[in-house]
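The values are calculated or read from the model by the stated rules, or taken from the named source; none is laboratory data. Predicted model only: the values in this text are computed from it and were never measured. Cβ sites come from the backbone with ideal geometry, for glycine too, and all protein chains shown count toward neighbours.
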């Protein structure tokens, strides 16, 4: 028995000796976050050096330093660092083309026991002043315009929304601007009506959704005539998504509102041959307590058509929407959508889908 206890003691002492001799590597940073504060975009690259120490009892080797963005590069020691030795990681951030907040992470990989230390760069980049060519980046003859497409986003059916197109005369002679193909729901205010050389101006577009008589995505194209000439690329497009305003409905009105419930909103037609016509009936029910009105149905392309059997569906009544996809000219994986807009305040816009694979004949 005494021999067994003695042997066990010897084994334990031998094990503790091995553990005591085990070499570990640990990296400790003085700070892992640096804030550059406010910097100017045109000021160029800014840098910061993170200091660390090998607090382990074995040489420290940094194998890799990875940045979350190509705008940040790092320099680090490539040789092993002995225990107690300090090291430095220099990080440089390029703010060019990146106005706004800085929030970049740099991950340090090494042979440390817990590898993957994360360093953070923060700050704010003040945008540089844009040049005339950058502001008025599209040209129609000698007229510079700030954009060729004005997106008004969501516009309520009883709302008027405005946006401004900036213009500039790059030429050496005055420019008169007249606008053509303007629909009745868009009014225009020009300031000034004639641009002198190197003069800036504004064209203010007011979009009255109440006069559109449409729902969902609406796109209009307006032509800018310069000194009574129609020049290439003189079309400006204006888009809006017209929605019904349900925000003022009371709880009682919402409880008594119509509700559209489809049996299925997607039809996978599997594998077909080019030229086949895919047809599907999307069945739905008005599970609400008032009349359901189909406002608009729009397919994603001219190859797809859809029509409802009824435009007004009574509470509890079932109806359907007949959809077809003409596959002529289409091969490979296809996915065609049908957007249904109703007066259901919860699901006013529903997207149906026909999808599958079309093989070339």
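Within the stretch 320-339, being within 17 Å of residue 279 (Cβ to Cβ) and either in contact with a helix residue (DSSP H, G or I) (Cβ under 7 Å, 6 or more places away or on another chain) or surrounded by 14 or more Cβ atoms within 10 Å (Cβ to Cβ) (or both) holds for 320, 321, 323, 324, 325, 326, 327, 330, 334, 336, 337, 338.
The condition of being under 33 Å from the mean Cα position of the chain (by Cα) and at negative phi holds for only one of 354, 310, that being 354.
Scanning for something in a loop (DSSP other than H, G, I, E, B), in contact (Cβ under 8 Å) with a residue 24 or more places away in the chain, in contact with a helix residue (DSSP H, G or I) (Cβ under 8 Å, 6 or more places away or on another chain) and not assigned by TED's automatic domain parsing to the domain that holds residue 212, does the stretch 300-318 turn up at least one residue? No, because not a single residue in the stretch 300-318 is in a loop (DSSP other than H, G, I, E, B), in contact (Cβ under 8 Å) with a residue 24 or more places away in the chain, in contact with a helix residue (DSSP H, G or I) (Cβ under 8 Å, 6 or more places away or on another chain) and not assigned by TED's automatic domain parsing to the domain that holds residue 212.
Of the residues making up the stretch 121-154, those that are buried (at least 17 other Cβ atoms within 10 Å of the Cβ) and under 23 Å from residue 94 (Cβ atoms) are 121, 123, 125.
Working only within the stretch 78-102, note down all residues that are more than 39 Å from the chain's Cα centre (by Cα) and within 19 Å of residue 120 (Cα to Cα).
Applying the first criterion (more than 39 Å from the chain's Cα centre (by Cα)) to the stretch 78-102 yields 78-87.
Result: 87, single match.
So that you can scan it fast, the table gives a plain yes or no per residue for (1) within 32 Å of the chain's Cα centre (by Cα); (2) within 22 Å of residue 253 (Cβ to Cβ):
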{"residue": "290", "(1), (2)": "no, yes"}
{"residue": "300", "(1), (2)": "yes, no"}
{"residue": "322", "(1), (2)": "no, no"}
{"residue": "328", "(1), (2)": "no, no"}
{"residue": "338", "(1), (2)": "yes, no"}
{"residue": "348", "(1), (2)": "yes, yes"}
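Given the condition farther than 29 Å from residue 125 by Cα and part of a strand (DSSP E or B), answer yes or no: does some residue in the stretch 51-59 qualify? If you could, list the steps in order and put the result at the bottom.
At the first step, the residues of the stretch 51-59 found to be farther than 29 Å from residue 125 by Cα are 53-59.
Pick out the ones that are also part of a strand (DSSP E or B) and you get 53-54.
Yes, there is a match, as at least one residue in the stretch 51-59 is farther than 29 Å from residue 125 by Cα and part of a strand (DSSP E or B).
The set of residues in the stretch 30-60 that are buried (at least 16 other Cβ atoms within 10 Å of the Cβ) and more than 36 Å from the chain's Cα centre (by Cα) comprises 52, 53, 54, 56, 58, 60.
Picking from 236, 242, 278, 294, which residue would you name as being touching a residue at least 12 places away in the same chain (Cβ under 8 Å), surrounded by 13 or more Cβ atoms within 10 Å (Cβ to Cβ) and in contact with a helix residue (DSSP H, G or I) (Cβ under 7 Å, 6 or more places away or on another chain)? Even if it seems obvious, please write down each step before you answer.
Values: 236 fails: in contact with a helix residue (DSSP H, G or I) (Cβ under 7 Å, 6 or more places away or on another chain); 278 fails: in contact with a helix residue (DSSP H, G or I) (Cβ under 7 Å, 6 or more places away or on another chain); 294 fails: in contact with a helix residue (DSSP H, G or I) (Cβ under 7 Å, 6 or more places away or on another chain).
Answer to the selection: 242.
The numbered conditions (1) surrounded by 14 or more Cβ atoms within 10 Å (Cβ to Cβ); (2) more than 24 Å from the chain's Cα centre (by Cα); (3) at pLDDT 95 or above are all true for residue 165 except (2). Confirm whether residue 157 is surrounded by 13 or more Cβ atoms within 10 Å (Cβ to Cβ), more than 30 Å from residue 193 (Cα to Cα) and assigned by TED's automatic domain parsing to the domain that holds residue 231. Yes.
Here the condition is being closer than 26 Å to residue 241 by Cα, outside any strand (DSSP E or B) and modelled with pLDDT of 95 or more; of 261, 290, 335, it holds for 290 alone.
Just the residues that are more than 18 Å from residue 33 (Cα to Cα), surrounded by fewer than 18 Cβ atoms within 10 Å (Cβ to Cβ) and in contact with a strand residue (DSSP E or B) (Cβ under 6 Å, 6 or more places away or on another chain), please, taken from the stretch 62-85. Matches in the stretch 62-85: 63, 64, 77, 83, 85. For the stretch 185-207, check the following and say yes or no: at least one residue is surrounded by fewer than 13 Cβ atoms within 10 Å (Cβ to Cβ) and closer than 19 Å to residue 297 by Cα. For the stretch 185-207, residues surrounded by fewer than 13 Cβ atoms within 10 Å (Cβ to Cβ) and closer than 19 Å to residue 297 by Cα: absent.
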